[in-house]
1. Apply the Kirkwood formula to the chain: the hydrodynamic radius equals the inverse of the mean of 1/r over all pairs of different alpha-carbon atoms; give it in Å with one decimal.
2. Work out how much length residue 111 to residue 19 would gain on full extension: take 0.36 nm times their residue separation and subtract the Cα-Cα distance, in nm to one decimal.
3. Starting from the amide H of residue 24, placed 1.01 Å from N in the peptide plane, find each other amide H under 5 Å away whose residue is 5 or more places distant or on another chain.
4. Stretch residue 3-residue 96 to full length: gain in nm at 0.36 nm per residue minus the Cα-Cα span?
5. Could you tell me which of rounded, prolate or oblate describes the stretch 36-77, using a ≥ b ≥ c as the square roots of the eigenvalues of the alpha-carbon gyration tensor, with rounded for a/c under 1.5 and, failing that, prolate when a/b is larger than b/c and oblate otherwise?
6. What are the trypsin sites (Lys or Arg not before Pro) within the stretch 3-111 that DSSP puts in a loop, where the Cβ has at most 13 other Cβ atoms within 10 Å?
7. Work out how much length residue 32 to residue 67 would gain on full extension: take 0.36 nm times their residue separation and subtract the Cα-Cα distance, in nm to one decimal.
8. At 1.4 Å probe size, what's the solvent-accessible area of residue 19? Round to the nearest 10 Å².
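The values are calculated or read from the model by the stated rules, or taken from the named source; none is laboratory data. In this text, all values refer to a predicted model and were calculated from it rather than measured experimentally. Don't worry about glycine lacking a Cβ; one is built from the backbone with ideal geometry, like all the others, and counts go over all protein chains shown. Just so you know, the surface numbers come from the protein's heavy atoms only, side chains and all, with ligands and any DNA or RNA stripped out. Shrake-Rupley method; radii C 1.70, N 1.55, O 1.52, S 1.80 Å.
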Amino acid sequence: MVFTNVINPRSAINRKEEYRHTLVKQGATIGANATILCGVTLGQYCFIGAGAVITKDVKPYALMAGVPARQIGWMSAHGERLDLPLEGEGQARCFATGQRYRLVDGRIATS
C-alpha cells in the first residue's frame, strides 16, 4: 500500500509544513497496491480492495473498491461480506461468527 503525505507533491519542493494526519482505525484491512491520500480516516474494520485509491474518509465496516474508490458493500469484523444495502436500514449476520450487524442511518451497529 501507499500512503501520501501531501495533497500536491513535487519532489523538488519541500512541503513538510503541508503534511496531513491520516488515521487508520482498529481492524482496517488495506489491500495490495491501495493508495491512501493524506488527511483521511479509515474507519474500524473497513476493507480497502487491492489497487483502490482512497480520497475521502471511509466509514467503519465499509467495503471500498475502485479508482477513485467508492463503497460497494459492508464487511464484518471477521472479514466476511455482509448482505446489507449501501443505504437505508437492514440486518445481517456474519457467516463465520454469527455476529449480528444492523445498518441504521448509513452506519453499522453491532449487537
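1. Numbers: mean 1/r = 0.0681 Å⁻¹.
With all distinct Cα pairs of the chain included, I get 14.7 Å.
2. Details: separation 92, 0.36 × 92 = 33.12 nm, distance 3.81 nm.
Gain on extension, residue 111 to residue 19, equals 29.3 nm.
3. 42
4. 30.4 nm
5. oblate
6. The qualifying sites are 10, 15, 20, 25, 56.
7. In short, 11.2 nm is gained.
8. 120
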